[in-house]
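Below: the structure, in structure tokens.
The values are calculated or read from the model by the stated rules, or taken from the named source; none is laboratory data. Note that the structure is predicted; figures quoted are calculated from it, not measured. Positions of Cβ are generated from backbone atoms using ideal geometry, with glycine treated the same way; all protein chains shown enter the neighbour counts. Quick note on the areas: whole protein, heavy atoms, side chains included, nothing else; ligands and nucleic acids left out. Shrake-Rupley method; radii C 1.70, N 1.55, O 1.52, S 1.80 Å.
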Amino acid sequence: MFMFHVKHGVCDNMIDNDRMLMALEQAKKAYELDEIPVGCVIFRKNELVSCGFNRKESKCNSVMHAEMIAINAACEKLGRWRLDDCCLYVTLKPCMMCMGAIIESRIKKVYYGTENNVEQMYDISKISKFVNLYNLENNDCSKILSDFFKNKRKK
């Protein structure tokens with residue numbers, strides 16, 4: 001069983017554990033395809049709306065991040081671009097591009113499994129006006145990334 005610790009805000013640990021595990025399963029799919037292992041799921045109430053994992057390498061497209069894929073699929077499934085009644089779970093804290101898409105799609109809650117070691121180019125105090133970020137601190141989310149890059153360096 002994974003243990004998550006919420007740094008910002010309140011969440012339901014059982015539900016959030018299950019949803020982050022689903023995002024981690026998506027990250028494993030990326031890993032198997034030699035993509036940076038980041039996975040994402042979007043929920044609307046208790047319904048899984050969409051999921052995605054990084055596909056930059058296989059699609060030769062720099063915007064094919066897990067969040068972008070999941071947001072696009074959610075918009076298609078729901079037939080609308082406003083996802084204000086949805087929550088997003090992602091294994092890695094969103095980059096600036098993905099955070100912009102999250103804000104544009106009106107998603108209010110984002111749960112992430114581990115911090116991004118790359119310095120983010122957005123001001124978290126300004127982001128918090130639009131979206132609440134919850135760090136669930138999942139060791140498996142950080143481990144899959146570190147294992148991936150360790151293996152890359154060996155090649």
request  = Find which of MET22, SER62, VAL110 sits farthest along the positive direction of the dipole of the chain, computed with +1 on the beta-carbon of Lys and Arg, -1 on that of Asp and Glu, about the Cα centre.
outcome  = SER62
message = Using DSSP to call loops (not H, G, I, E or B), can you name the GluC sites (Glu not before Pro) in the range 96-155 whose Cβ has at most 12 other Cβ atoms within 10 angstrom?
response = GLU119
note = For the chain, the per residue accessible area (1.4 Å probe, Å²) is 56
note = Partner aspartates and glutamates whose C-alpha sits under 15 Å from that of LYS154, ignoring same-chain residues fewer than 8 away, are ASP34
ask   = Of the listed peptides 66-79, 89-102, what is their order by residue-averaged count of other C-beta atoms within 10 Å, with the highest listed first?
value = 89-102, 66-79
query = Using a probe of 1.4 angstrom, how much of the accessible area of the range 17-128 is carbon and sulfur, in percent?
reply = 52
inquiry  = Can you work out the Karplus-derived ³J(HN,Hα) for every residue in the range 104-114? Use 6.51 cos²θ - 1.76 cosθ + 1.60 with θ = phi - 60°, whole Hz, and x for glycine or proline.
reply    = 4, 8, 6, 5, 8, 10, 10, 10, 10, x, 8
key: Extension gain, ARG106 back to GLU119 (0.36 nm per residue minus Cα-Cα distance, nm)   = 2.3 nm
inquiry  = Explain nothing, just compute: Karplus ³J(HN,Hα) = 6.51 cos²θ - 1.76 cosθ + 1.60, θ = phi - 60°, for every residue of the range 20-36 in order, whole Hz, x for Gly and Pro.
reply    = 5, 4, 5, 5, 5, 4, 5, 4, 5, 5, 5, 4, 4, 9, 6, 9, 4
query = Amide H of THR91: which non-local residues (sequence gap of 5 or more, or other chain) have their own amide H closer than 5 Å, using H built in the peptide plane?
reply = GLY39, GLY113
message = Show me, for the range 126-141, the HN-Hα J-couplings you get by feeding each phi into the Karplus relation (A = 6.51, B = -1.76, C = 1.60, θ = phi - 60°), rounded to Hz, glycine and proline as x.
response = 7, 4, 5, 6, 10, 9, 9, 9, 10, 8, 8, 6, 8, 4, 5, 5
